[in-house]
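First the structure, in the form of structure tokens, and then the observations on it.
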Amino acid sequence: MSLTPETVAKRLKQVKYPGFTRDIVSFGIVKNIEVDEGAAVTVSLVFPKPDPEVQKRVEESVRAAVLETPGAQGVNIRSEARDAAPRKSPPQAREAEKKLPDIKHYVAVASGKGGVGKSTVAVNLAVSLAKKRSGVGLMDADIWGPSAPVMTGTQGETPVATPERKMLPVEKYGLKIMSIGYLINEEETVIWRGPMVHGAVKQFVEDVVWTNIDYLVIDLPPGTGDAQLSIAQTAPLSGGVIVTTPQEVSLIDARRGILMFEKLNIPVIGIVENMSYLDVPGGEKIDIFGRGGGKAMAERFKVPFLGEIPIDPNVRKGGDGGVPVVESDPDSPASLAFAKVADEVLKHLENG
């Protein structure tokens, strides 16, 4: 077997990114492989965020994998990490940056587990932002359970392709929206594997016409897996919003979300406690699931607490009916709570 960049890449697919199940080739961390006449291999790596410990572990694994490749006589590793600060990029990095849309702020909405209303928060946050600022987009990256089409009443829409083979997002409520739900049949079951996840996420960032978008809200799948790393590797995230409910079991999973963002060196904008309490006639508040866990966790991890979203049947009705509650009933307690969260997110993004 001759030593080629392809054979080296095949060997590097055995190297996993620390803390995740996918390999560094599938996630695009390996940017270039060169083999010179003396069979010395040069591997260029670009990490999603600066993290010396992770970089060192990956570099050691890459070095070992290359040297185990038949025919390899040596290895040279060029390694860099994306940085929030402006800097001069090498030609290959500049070429990759050209593919990114001109978006000022990427905001990821995440949860450690499903069932906490993450997508509900993402959609209502996006619509709330659109009421305060122009140029807001919503990217539904929850490819295993895309719900943005239903929640925005745009199911059945089909994105239009441009002559440049890019997709025009669907528009509603002042948002530009893209979701895998527009591209597959509702009855269709799709098994997404790691490389497919990365490809879909990458396409939704690079191949959608996000024209005049200053704020892109990204609804991530629940959990702390491959899609999250794909987003971090593809887009320069401005920060992440963690959604939880007050119960201890949800808080445990939310902690994983915070630690995931920290591992990827993505700023945590703050924590939202969804389904926090129930308002009853007479002004009484009933803490059905307990209350205050999200705030306590924010204090523990020294991150902002963005607010409590009350239990409101109209929130569920709005999601099912395709009219978000912040649109259908903007003066309700839930809508005002979402508006407060939007204000806090804008404060973080615009004031640093």
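The values are calculated or read from the model by the stated rules, or taken from the named source; none is laboratory data. Keep in mind it's a predicted model, so treat the numbers as computed, not measured. Note that each Cβ is placed from the backbone with ideal geometry, even for glycine, and that neighbours are counted across all protein chains shown. Please note that ligands, DNA and RNA were not included when accessible areas were found on the heavy atoms of the full protein model with its side chains. Shrake-Rupley method; radii C 1.70, N 1.55, O 1.52, S 1.80 Å.
Of note:
- Candidate set from segment 17-72 (those that are of a type in the set (A, V, I, L, M) and in a helix (DSSP H, G or I)); member that is modelled with the lowest pLDDT: V54
- Filtering segment 314-332 to residues that are surrounded by fewer than 17 Cβ atoms within 10 Å (Cβ to Cβ) and over 18 Å from S147 (Cβ atoms) leaves P330, D331.
- Applying the condition of being of a type in the set (V, I, T) and farther than 18 Å from I213 by Cα to segment 131-155 and asking which residue is most open to solvent (accessible area, probe 1.4 Å) yields V150.
- Any hit, segment 268-287, residues being buried (at least 24 other Cβ atoms within 10 Å of the Cβ) and more than 20 Å from S111 (Cα to Cα): no
- For segment 24-45, a residue qualifies if it is in contact (Cβ under 8 Å) with a residue 60 or more places away in the chain and open to solvent by less than 50 Å² (accessible area, probe 1.4 Å), and the qualifying residues are S26, F27, G28, I29, N32.
- Pair list, Cβ under 7 Å, 6 or more apart: segment 160-179 residue free of Cβ contacts under 8 Å to residues at least 40 places away in the same chain, other residue of a type in the set (S, T, N, Q): V170/T154; K172/T152; K172/T154
- Of all residues in segment 156-172 being part of a loop (DSSP other than H, G, I, E, B) and within 22 Å of the chain's Cα centre (by Cα), the one that is surrounded by the most Cβ atoms within 10 Å (Cβ to Cβ): P169
Conditions (1) surrounded by 23 or more Cβ atoms within 10 Å (Cβ to Cβ); (2) more than 13 Å from the chain's Cα centre (by Cα); (3) at pLDDT below 80, marked per residue:
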position	(1), (2), (3)
G194	no, yes, yes
V201	yes, no, yes
F204	yes, no, no
V208	no, yes, no
N212	no, yes, no
A227	yes, no, yes
V249	no, yes, yes
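Matching residues to (1) modelled with pLDDT of 90 or more; (2) over 18 Å from the mean Cα position of the chain (by Cα):
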site: A85; (1), (2): no, yes
site: K88; (1), (2): no, yes
site: Q92; (1), (2): no, yes
site: E95; (1), (2): no, yes
site: L100; (1), (2): no, no
site: V107; (1), (2): yes, no
